[in-house]
Structures are given as structure tokens and as C-alpha cells.
1. Past the 19 Å Cα-Cα mark, which pairs from Lys44/Lys403; Lys120/Lys223; Lys114/Lys361; Lys44/Lys120; Lys120/Lys180; Lys114/Lys405?
2. Could you give the length gained by full extension between Tyr117 and Glu142, i.e. 0.36 nm per residue of separation minus their alpha carbon distance, to one decimal place?
3. Keeping the other protein chains in place, figure out the carbon and sulfur percent of the accessible area of the range 57-120, with a 1.4 Å probe.
4. Which chymotrypsin sites (Phe, Trp or Tyr not before Pro) in the range 13-50 pass both tests, a DSSP loop state and at most 16 other beta-carbon atoms within 10 Å?
5. Calculated FRET efficiency, Tyr177 and His95, Cβ-Cβ r, R0 51 Å, to nearest 0.05?
6. What FRET efficiency would be calculated for the residue pair Glu402, Asp321, taking the C-beta separation as r and a Förster radius of 35 Å, to the nearest 0.05?
7. Using θ = phi - 60° and the Karplus relation 6.51 cos²θ - 1.76 cosθ + 1.60, list the HN-Hα couplings for the range 138-144 in order, rounded to whole Hz, with x at every Gly or Pro.
8. Could you work out how far apart the two model spin labels at Tyr280 and Ile355 are, taking each label as a point 7 Å from the Cα in the direction of the beta carbon, and quote it in nm?
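The values are calculated or read from the model by the stated rules, or taken from the named source; none is laboratory data. These numbers come from a predicted model, not from an experiment. We place every Cβ from the backbone using ideal geometry, glycine too, and count neighbours over all the protein chains shown. Note: accessible area is taken over every heavy atom of the protein model, side chains too, but ligands, DNA and RNA are not part of it. Shrake-Rupley method; radii C 1.70, N 1.55, O 1.52, S 1.80 Å.
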Amino acid sequence: MKLNYTFLFILPLVMTMLLDNLFTELLSPNSVETQGFLYNLILKASAGIAFLYSAVKFKRMSPNMRLLFVLTTLYVLILAYESQYGYGTPFVYPHVFMKLLMVYYAFFIYTFYKGAYYLKFDHVVYFILICFCLNVLIVHPETLSLAAFSNHERGVYSTSVYMLVVPFFYFLSKYFYEGKLGNLAASLSVLVAIVFFQHRTVWVVTAAALVIYYFLIQFRTYKPINIVGKALPIASIIGIGLTLCSTLVFSMHPEVVEKLQDNFSDIENFESQGTGAWRYAQWLSYWPFIQDNFLFGMRFDGFELPIQFYREDLDKPMFEDGNGHFFHSFYIDVLFYVGAAGLVLYVSLFALPLIKALRAKYLTINQIILVTFVSTGFVFGFSYILPPFYYGILGWCIVALEKEKVQKPSYLTEFAKRIRDKKRASPVSLIGRI
């Protein structure tokens with residue numbers, strides 16, 4: 001019996017995933033202190049590994065990736081020099097350095113799989129789903145009730161639910177191209193989980209991803225699918241499900257309907273209600289400091305700046321001083337600490353696979369799923385700091401665009417062969433050879 005060891009190639013990507021609360025909670029379900037210790041330990045070890053491996057395998061990178069790697073490293077060295085000159089140590093506030101070191105996860109995953117591209121998409125999908133289910137069942141079983149839904153007890157973190165976008169599009173693609181009700185049921189189950197855990201940002205992200213996915217499927221594949229025809233069963237099942245829920249569940253628990261209405265109202269009125277209002281107030285509190293240090297950010301001065309965001313009901317800071325500032329927006333976080341220069345580095349890296357995808361004539365289904373997910377980072381970043389696993393998937397996406405080749409359907413290959421044979425047999429081509 002011969003064992004298949006390809007599942008081991010998921011481990012580098014898992015290293016970036018372990019920094020998410022989904023996994024740290026599983027490693028220590030009953031101790032927040034231990035979770036924090038494990039997070040810091042994994043963070044420092046993985047960041048060091050990512051930087052060193054990327055530097056050693058620098059020659060594997062494409063010219064664009066090399067340029068971004070050099071620019072990022074140059075900025076990190078400038079920070080280290082500033083730290084040494086101003087504080088007598090080259091690494092004074094790790095919280096500030098991580099604003100740039102996070103990028104190396106993308107370089108690490110890219111360079112690793114550039115040399116050993118044996119990663120299987122289904123291994124990643126099932127790993128995410130198994131760990132997500134274990135987290136809910138072991139750590140947050142109290143969230144699996146309508147009472148928890150109506151009381152907005154989400155339990156699972158937004159970044160963990162965001163991770164489910166990858167399995168959702170994987171099974172959706174399997175259904176579109178292979179059929180089978182099992183794939184349809186799996187994609188709808190993941191979608192239900194995304195809705196149930198009530199992270200409105202992930203709802204918006206999923207909706208935006210569906211639009212991007214549709215256009216990539218229609219204009220970047222050899223065989224565009226009939227979305228309307230394939231979607232009819234989905235619409236029918238959702239319609240039947242909603243009808244049953246409205247008659248059985250909603251009649252018994254009208255607060256569920258009210259909760260859904262409140263969630264959509266919060267999305268529409270993000271500046272005045274819900275967590276969107278909270279984020280907007282935080283943005284207003286820090287925007288003057290961002291304006292004054294727009295180009296390169298506040299860096300270490302930002303870490304030492306007293307908390308500017310206050311709770312009006314208690315007239316006290318939202319966070320404790322001396323631990324840095326924790327923003328609910330990737331853009332504000334980067335602009336505050338490392339300025340527009342740092343943001344340009346990030347956005348350039350995020351845009352690289354999108355530009356590659358737009359320039360490509362055709363894409364594989366795996367490439368389409370990964371490009372779709374990476375593109376949602378621009379949306380997710382408005383409400384949350386992008387999680388480390390996002391950079392891992394970003395690196396995977398870039399290398400997939402370079403390594404995976406589109407397989408022409410057999411009928412197209414045969415058609416091309418016939419055209420080529422006719423050209424070879426034509427009098428004009430024969431004269432040309434003479």
C-alpha cells in the first residue's frame with residue numbers, strides 16, 4: 001500500500017492560519033492567557049521563518065515580486081535603524097514592525113510553492129471546515145441556537161468566518177462544473193454558516209465576491225457556464241428553505257426576523273448605528289494624526305501616543321495605554337503606523353494577482369477562486385485588519401497564476417489541430433516552404 005504524502009504540503013499555509021483565533025482557541029480552549037502566549041510565540045517564529053526563507057529563495061521570485069520584497073525590506077531596515085538610533089535597540093516595538101513584517105507571509109508562501117507546487121485545493125478546504133466545526137462544537141457550542149442569533153452572540157470571530165469564503169466558492173465551482181447535489185448542499189451549508197454568524201462585513205464581502213466570481217467565470221474561462229440555468233436549483237432550494245423557515249421558525253421566533261432587519265439596517269446606515277458607527281468614530285479620532293504624518297506614518301511615536309478613542313458613556317479610553325492602538329480598519333491601521341508609503345507597498349502586492357488575472361486570456365477554476373478571494377481583501381480591509389492567513393492565500397494565488405496552466409477542452413484541441421493541418425496542406429503554405 002502506497003501512502004499519499006501530498007497533504008504535508010499544506011503545512012506552510014497552515015503556519016499562516018495558526019495565527020487566527022479559530023486555531024489558537026482550539027489549541028487552548030479554556031485559557032485566554034495561553035492563547036495570547038501561543039499567538040505571540042507563533043507570530044514571532046513564523047515572521048522570522050517567513051523573512052529568512054523568502055530572502056534565501058529570493059531568486060525564485062518574479063521581477064515584480066523581487067521589487068516589492070526589496071522595497072519592503074528597505075522600509076523594515078529603516079525602521080530598525082530608527083529604533084536603534086532613538087531607543088538603543090533595533091526592535092523596540094514589535095507591534096509597529098509587524099505592520100510590515102506581515103507582508104513576508106505572502107513572500108514565504110509564494111517562494112515555497114514556487115519550488116514545490118504540490119498543494120491540493122481540497123486539502124485546504126477540508127482543513128478549514130474541520131477546524132471551523134471543531135471550534136464551534138468545542139469552544140463555542142453556545143452559539144448554535146436561535147437565542148444566540150437573536151441576541152447577537154456570534155462567538156466565532158469575523159476573520160474565522162471570512163475564511164469560509166474559500167470553501168464556499170470551492171464547492172460552488174464544483175457544482176457548476178461537475179454537478180452533483182452534494183456539492184450544491186456543501187456550498188449552501190457554508191453560505192448558511194456565513195449568514196448565521198452575523199458578521200455583516202463578511203456578508204458584504206461574500207456579495208462582492210459573487211460579482212467578481214461571475215465576471216471571471218464568464219470572461220476568463222474556455223467554457224463560460226450558464227449561470228442562470230445552474231442557479232435555478234440554488235434559487236429553488238433557497239426559496240423553499242426560506243418558505244419553510246418563515247412558517248416554522250419565524251412564526252415561533254419573530255425576534256429572528258427583527259434581528260435580520262436590524263443587521264441590514266446597520267449595513268445601510270453604517271455611519272450612525274451598529275459597529276459601523278463605532279468604526280467611524282474611531283476614524284474621526286485618529287484622522288488628524290494621519291493627516292499630519294501622511295507620508296510615512298507615526299511609526300514608534302504612534303505606539304507611544306495616548307489612546308485617542310474614548311467611550312462617551314464612561315469618559316475613558318477604549319483601550320489601555322502602552323499597548324499600541326488597535327484599529328478596526330486595515331487602511332487606518334497602515335496609514336497611522338507606516339503611512340502612505342506602507343499602504344502603497346500593500347496595495348501593490350494585493351493588485352499584482354488582479355493585474356495578472358486581467359491580462360490572462362484564460363484562468364483555471366482554482367485561479368479564479370483564489371483571485372476572487374484576494375480581491376475581497378480591499379473590501380474586508382475597510383472594517384477589519386486583514387488576518388495573517390490572507391497573506392498566505394495571497395502568496396498562493398500569485399504562484400498559482402504563474403504555475404498552473406489552463407487545459408484546453410478536448411474539442412478545442414481537436415478543432416485547432418484540424419485548422420493547423422489545413423494550413424499545412426494549402427498551396428500557399430507549400431510554396432512558402434520552398
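1. Lys44/Lys403; Lys120/Lys223; Lys114/Lys361; Lys44/Lys120; Lys120/Lys180
2. Full-extension gain reported as 5.0 nm.
3. C and S fraction of accessible area: 67 percent.
4. none
5. That pair, Tyr177 with His95, gives E of 0.70.
6. That pair, Glu402 with Asp321, gives E of 0.15.
7. 8, 8, 10, x, 5, 7, 8
8. 3.5
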